[in-house]
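Undergrad: Dropping a structure here in structure tokens format, bear with me for questions.
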Amino acid sequence: MNVLVAVTEAAVPDDEFEINGTEIDEQYLTYELNEWDEYALEEAAGLAEAHDNVEITTVTVGPERAEETIRKGLAKGADRAVRVWDDELAAVDLLAPATKARLLAGVAAQEEPELILAGAQSSDDSFGATGVALAAQLGYEWAAVINQLELDNDRGVATVHRELEGGVEELTEVELPAVATIQTGINEPRYASLRGIRQAQRKPLDVHTPADLGVESVASPLSLSELVEPESESNVSLFEGGAERTAGELAGVLREKGVEA
Amino acid sequence: MSADVLAVAEHRRGDLRDVSLELLTAGRELADETGGDLHAAVISGDVEAFGDRLNREGVDAVHTVAHGEEFNHDVYAQAVTTLIDEFDPAYVLAPNSVNGFDYVPAVADRLSIPLVTDVTDLAVDGSELTATREFHGGKTEGTVEIAGDRAALTIRAGGWPAASGNGDATVEPFEVEIDESAVRSTVTGFEEVGGGDVDITDADVLVSIGRGIREEDNLDLIFDLADAMDATVSASQPIIDNGWLPADHQVGQSGKVVTPEVYIAIGISGAVQHVAGMKGAETIVAINDDPSAPIFDIADYGIVDDLFEVVPALTEEFAG
Ligand SMILES: Cc1cc2nc3c(=O)[nH]c(=O)nc-3n(C[C@H](O)[C@H](O)[C@H](O)COP(=O)(O)OP(=O)(O)OC[C@H]3O[C@@H](n4cnc5c(N)ncnc54)[C@H](O)[C@@H]3O)c2cc1C
């Protein structure tokens, strides 16, 4: 069984940063394996341990820089990786989920996975839409924001729990092939072993352009006209000084509010 | 040309969710800007009763689609696609909810219309729609220009007030021939997330801990503080994900909504899904070493410093 895992790098700004035009200045950004995708990778690795003949391929839309992150996925149990990029993509300032889904669908068409896992969202753009858009592109079934997954290959279904609002989970059965978007907490992501990290260096990582995948235009219907640090509507009173002083002042306020041992 | 708006309501287990009425306000504002009509739709469940509740001031038509009881994404995707085909709205609004995540991208994809999620503000300039939304976990806010004259938009809960007043819309059943062969998912039930022995919704004072605590062993610092203040401990999602505290301690969208007198957020950034669960607290205190953390936007009192310095000092204050 082929399992495809969509892996993205998330841009994480430093505590203090500056915005240039509609982008955060590069020097204030670090790129990390998207938190939700860590769980998606672990879920795939868990399936490979629990079932026979599972092959895990990761797919990433991202520049060469992303290869470090992609190798992390390979170190955690993926067998192969595909990266999609070209100059035209590099010039897009806000990649629409539908465009991303079209590229991922191009890769999925080659891999024919039975199951596709993606993070429920990325921590930077947080559209939360790529996985379901991908399912729609492929004509696959899907389930969004899941925190439990069981495969029943004999019946050709996946049984999932979807994490709804207010501490309620929805229990759902979806037919395979399917896309599942993974919520944090579904498993405990492993640390890559030293052996895994070494092996990852030798695992195949193929690079495709959108054209290779039959995607002619990556023009995005969305563009950013402005990016700002949100104006704080805050009325926060900040206590300043060393910890003893600030803690003392805060304690004073809290006592007034009736907090006491 | 005037552009119509379709707002698709959300309900669960017999209740219309509040965000459905907020959607109507967002929809009315948008329709006012374009000079179009506001249509509301509700799918599955007790659609007649829901339809009447959606008939608020400013709503021009309510369409009820009777099919099954609960949300099913295949049914919703088909029904909404059919509604769009029939009424040809330029803009489709739905809640930015877990169920919104589960069908709106499919509708947008099938109809090839651009999608923007988690929208907090909308503006129309000529025929161009722009949507405001957060990026980078709330550290930045962007204005998204949407090309073309159509869009699907999911709306952040709490971003608009609920629509009020009685409307004079026609509430009419809308027949959708659901292709059952394309319904390949079945909702088999619901489960409440495990109850434990502490009810964080009952507490007057909550000491709430987030990923800033770094390691499970460090939680003792928080328990000591809570003991000294006679408070209850709660947490953000990563702490629950790591298995460091039971699930019923989680504050936020997927966890509990709490309204204590004092909520002390320690090493919590203030992501929207967390804030959804605690913004109703009477007094909010934030301890975080990142001055740009969004939690400070809603806090009443704050300390920008290392929690490993501040928390022991605060414990000392109360342990006396
Ligand atoms: C569908 C969905 C539902 C969700 N539901 C919930 C929910 O119910 N509840 C919830 O909480 N989240 C929920 N989330 C997750 C949410 O998006 C955030 O990822 C999460 O709230 C982040 O938790 P955090 O603030 O503890 O961690 P982070 O965002 O990582 O923040 C950690 C903070 O600690 C600070 N910090 C670090 N070190 C120190 C130090 N030494 N001293 C002081 N401060 C320090 C940092 O500056 C940072 O601000 C949900 C997400 C999705 C997609």
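Computed from the coordinates by the stated procedures, all read-outs in this text should not be read as laboratory data. Just so we're clear, the structure is a prediction, and the values are computed from it rather than from any experiment. Backbone-built Cβ (ideal geometry, glycine too); neighbour counts: all protein chains shown.
Undergrad: Please go through the stretch A:147-171 and give me each residue that is buried (at least 20 other Cβ atoms within 10 Å of the Cβ) and in contact (Cβ under 8 Å) with a residue 24 or more places away in the chain, ordered by number.
TA: Of everything in the stretch A:147-171, those that are buried (at least 20 other Cβ atoms within 10 Å of the Cβ) and in contact (Cβ under 8 Å) with a residue 24 or more places away in the chain turn out to be A:Asn147, A:Leu149, A:Leu151, A:Ala158.
Undergrad: List every residue pair whose Cβ atoms sit under 7 Å apart, with the two residues 6 or more apart in sequence or on different chains, where the first one lies in the stretch B:90-113 and is without any contact (Cβ under 8 Å) to a residue 24 or more places away in the chain and the second, anywhere, is of a type in the set (S, T, N, Q) and more than 15 Å from the ligand (Cβ to nearest atom).
TA: Within 7 Å, the pairs are B:Asp109/A:Gln137.
Undergrad: Okay, moving on. Give the residues of the stretch B:154-181 that are in contact with an Asp or Glu (Cβ under 6 Å, 6 or more places away or on another chain) and small (Gly, Ala, Ser), sorted by residue number.
TA: Once the filter is applied, which keeps residues that are in contact with an Asp or Glu (Cβ under 6 Å, 6 or more places away or on another chain) and small (Gly, Ala, Ser), the stretch B:154-181 yields B:Ala162, B:Gly165, B:Gly167, B:Ala169.
Undergrad: Looking at the stretch A:180-213 only, could you name the residues that are part of a strand (DSSP E or B), away from the ligand (no atom under 16 Å from the Cβ) and under 19 Å from A:Glu38 (Cβ atoms)? If you could, list the steps in order and put the result at the bottom.
TA: Let us first name the residues in the stretch A:180-213 that are part of a strand (DSSP E or B), namely A:180-182, A:205-208.
Next cut, away from the ligand (no atom under 16 Å from the Cβ) only: A:205-208.
Across the stretch A:180-213, the qualifying residue is only A:Leu205.
Undergrad: So, restricting to helices (runs of 4 or more DSSP H) that lie completely within the stretch B:215-292, which ones have at least 1 residues that are within 14 Å of the ligand (Cβ to nearest atom) and within 8 Å of another protein chain (Cβ to nearest Cβ)? If you could, list the steps in order and put the result at the bottom.
TA: On the way: elements: B:219-229, B:237-241, B:272-275.
Here the list reads B:237-241.
Undergrad: In the stretch A:1-35, how many are among the aliphatic types (A, V, I, L, M) and not in a strand (DSSP E or B)?
TA: Taking the stretch A:1-35 and keeping what is among the aliphatic types (A, V, I, L, M), we get A:1, A:3-7, A:10-12, A:19, A:24, A:29, A:33.
Among the residues that remain, those that are also not in a strand (DSSP E or B) are: A:1, A:7.
So the count comes out to 2.
Undergrad: Conditions: (1) over 17 Å from the mean Cα position of the chain (by Cα); (2) within 11 Å of chain B (Cβ to nearest Cβ); (3) surrounded by 18 or more Cβ atoms within 10 Å (Cβ to Cβ). A:His208 meets all but one. Number of the miss?
TA: Only one criterion in (1) over 17 Å from the mean Cα position of the chain (by Cα); (2) within 11 Å of chain B (Cβ to nearest Cβ); (3) surrounded by 18 or more Cβ atoms within 10 Å (Cβ to Cβ) is unmet by A:His208, namely (2).
Undergrad: On to the next question. For the stretch A:118-157, what are the residues that are over 19 Å from the mean Cα position of the chain (by Cα), more than 7 Å from chain B (Cβ to nearest Cβ), part of a strand (DSSP E or B) and under 30 Å from B:Arg156 (Cα atoms)?
TA: Across the stretch A:118-157, there are no qualifying residues.
Undergrad: For the stretch B:1-25, which positions are of a type in the set (Val, Ile, Thr) and closer than 18 Å to B:Ala77 by Cβ? Show your work before the answer.
TA: Start the filter on the stretch B:1-25 by keeping residues that are of a type in the set (Val, Ile, Thr), which leaves B:5, B:8, B:19, B:25.
Answer for the stretch B:1-25, where residues must be of a type in the set (Val, Ile, Thr) and closer than 18 Å to B:Ala77 by Cβ: just B:Val8.
Undergrad: Hey, which of the helices (runs of 4 or more DSSP H) in the stretch A:36-117, taking only ones fully inside, have at least 1 residues that are buried (at least 22 other Cβ atoms within 10 Å of the Cβ) and in contact with a strand residue (DSSP E or B) (Cβ under 8 Å, 6 or more places away or on another chain)? Steps first, please.
TA: On the way: elements: A:67-75, A:87-91, A:97-111.
Counting at least 1 such residues, we get A:67-75, A:97-111.
Undergrad: A follow-up question, please. How many residues does the stretch A:218-234 hold that are free of Cβ contacts under 8 Å to residues at least 12 places away in the same chain and either of a type in the set (Gly, Ala, Ser) or more than 7 Å from chain B (Cβ to nearest Cβ) (or both)? Before you say what the answer is, go through the steps one by one.
TA: Taking the stretch A:218-234 and keeping what is free of Cβ contacts under 8 Å to residues at least 12 places away in the same chain, we get A:230-234.
Narrowing further to those that are either of a type in the set (Gly, Ala, Ser) or more than 7 Å from chain B (Cβ to nearest Cβ) (or both): A:231-232, A:234.
Matching residues across the stretch A:218-234 total 3.
Undergrad: Just checking, which of B:Thr143, B:Thr186, B:Thr154, B:Thr132 is buried (at least 21 other Cβ atoms within 10 Å of the Cβ), among the hydroxyl-bearing types (Ser, Thr, Tyr) and touching a Ser or Thr at 6+ places or on another chain (Cβ under 7 Å)? I'd like the intermediate steps shown before the answer.
TA: Details: B:Thr143 fails: buried (at least 21 other Cβ atoms within 10 Å of the Cβ); B:Thr186 fails: buried (at least 21 other Cβ atoms within 10 Å of the Cβ); B:Thr132 fails: buried (at least 21 other Cβ atoms within 10 Å of the Cβ).
Within the list B:Thr143, B:Thr186, B:Thr154, B:Thr132, the selection yields B:Thr154.
Undergrad: Just give me the residues in the stretch B:170-194 being within 16 Å of the ligand (Cβ to nearest atom) and either in a helix (DSSP H, G or I) or touching a helix residue (DSSP H, G or I) at 6+ places or on another chain (Cβ under 9 Å) (or both), in sequence order.
TA: B:Val193, B:Gly194
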